[in-house]
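Taken together, the values in this text are just the output of simple stated rules run on the coordinates, not laboratory data. Remember, it's a predicted structure, so these values are computed and weren't measured experimentally. For neighbour counting, all protein chains shown are included, and Cβ atoms are generated from backbone atoms with ideal geometry for every residue, glycine included.
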Amino acid sequence: MLISVIRTFILYLLILLSLRIMGKRQLSEMQASELVITLIMSDIAVIPMSNTSQPLLSGVVPILVLISLELVFSVAMLKNAKFRKLVCGSPEMVIRDGEILQEQMRRLRMTTEDLCVQLRQQGIFSLDDVEYCIVETTGDISVLEKPDKRVPNAGELGVDIPDTGIEAVVINDSRYLSNSISICHLSREWVDSILLKNGLKIEDVFIMTANRNGDYKIIRRDNK
């Protein structure tokens, strides 16, 4: 039993490390090659986990080979656009100038229901509002609405909006988040001065957010 636990722990760490090595995109939207490798790695890892008579290396070696292949493929796709198109495909337009390209949708085996579902997920409930729609290589869609349906931005309205930068959580559950503090171009000393100004200790703070302009919000810890 202990051997099974140890083997599972080792393989878990190996797969976790593999995903980190293959990049952050592997944790969100995956290309076809990345999805295939992730699924194969999962299947390979299960065998030595469940069967202790199987050598651990029978799971470790194939996973390391797959990681190497993914890294080689990634570099090749970065260097060669044709190879990238061969492996990942290319974005395909399904609506152009407000007209649905029916032949393109048939080629992608995409129904109008599929298209409408993805449009609704982007807050668009009428095909008449769409000027261009592109199916990306990840399967998601990118949409450009018709000019009269687009929400005007501040520049178009001539409104000057100050740039406050990113608002980040600088204290979470009574712990300083150094990375978030640096993102806001602040310092731990500044955070401490704000706590002192409000008569608080870090133990009293559940969440504190701030931006680079020094605007902040503090949510106190509920001690009940």
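Summary table below
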| quantity | calculated |
| --- | --- |
| Matching label, log10 I(q)/I(0) by the Debye sum over Cα atoms at q = 0.08, 0.09, 0.14, 0.15 Å⁻¹ computed from the structure shown, candidates (1) -0.43, -0.52, -0.91, -0.98; (2) -0.59, -0.74, -1.05, -1.04; (3) -0.26, -0.33, -0.84, -0.98 | (2) |
| GNM top mover of Ser42, Ser187, Ser90 - the chain, alpha-carbon springs below 10 Å | Ser187 |
| Nonlocal amide H pairs with Ile207, under 5 Å, H built at 1.01 Å | Asp173, Ile219 |
| Separation of the Ile166 and Asn153 label points, Cα + 7 Å toward Cβ, nm | 1.9 |
| Listed residue (Ile124, Val94, Met105) projecting farthest to the positive dipole end of the stretch 92-149, Cβ model | Met105 |
| Hz values of 3J(HN,Hα) by residue in the stretch 116-123 - Karplus curve (6.51, -1.76, 1.60), Gly and Pro given as x | 5, 4, 5, 5, 5, 5, 9, x |
| Cα-derived Rg to Rh of the stretch 2-86, Kirkwood definition | 1.05 |
| Difference of contour (0.36 nm per residue) and Cα-Cα distance, Lys146 to Arg109 | 10.8 nm |
| Difference of contour (0.36 nm per residue) and Cα-Cα distance, Lys79 to Leu196 | 36.8 nm |
| Extension gain, Ile6 back to Arg96 (0.36 nm per residue minus Cα-Cα distance, nm) | 26.8 nm |
| Amide proton proximity set for Ile141, modelled H, under 5 Å, gap of 5+ | Glu136 |
| Rel. contact order, % - alpha carbon contacts under 8 angstrom, at least six apart, the chain | 12 |
| Aspartates and glutamates whose Cα lies under 15 Å from that of Lys217, excluding same-chain neighbours fewer than 8 positions away | Glu167, Asp173, Asp192, Asp204 |
| Ile95 long-range amide H proximity, modeled H, under 5 Å | Leu101, Cys133 |
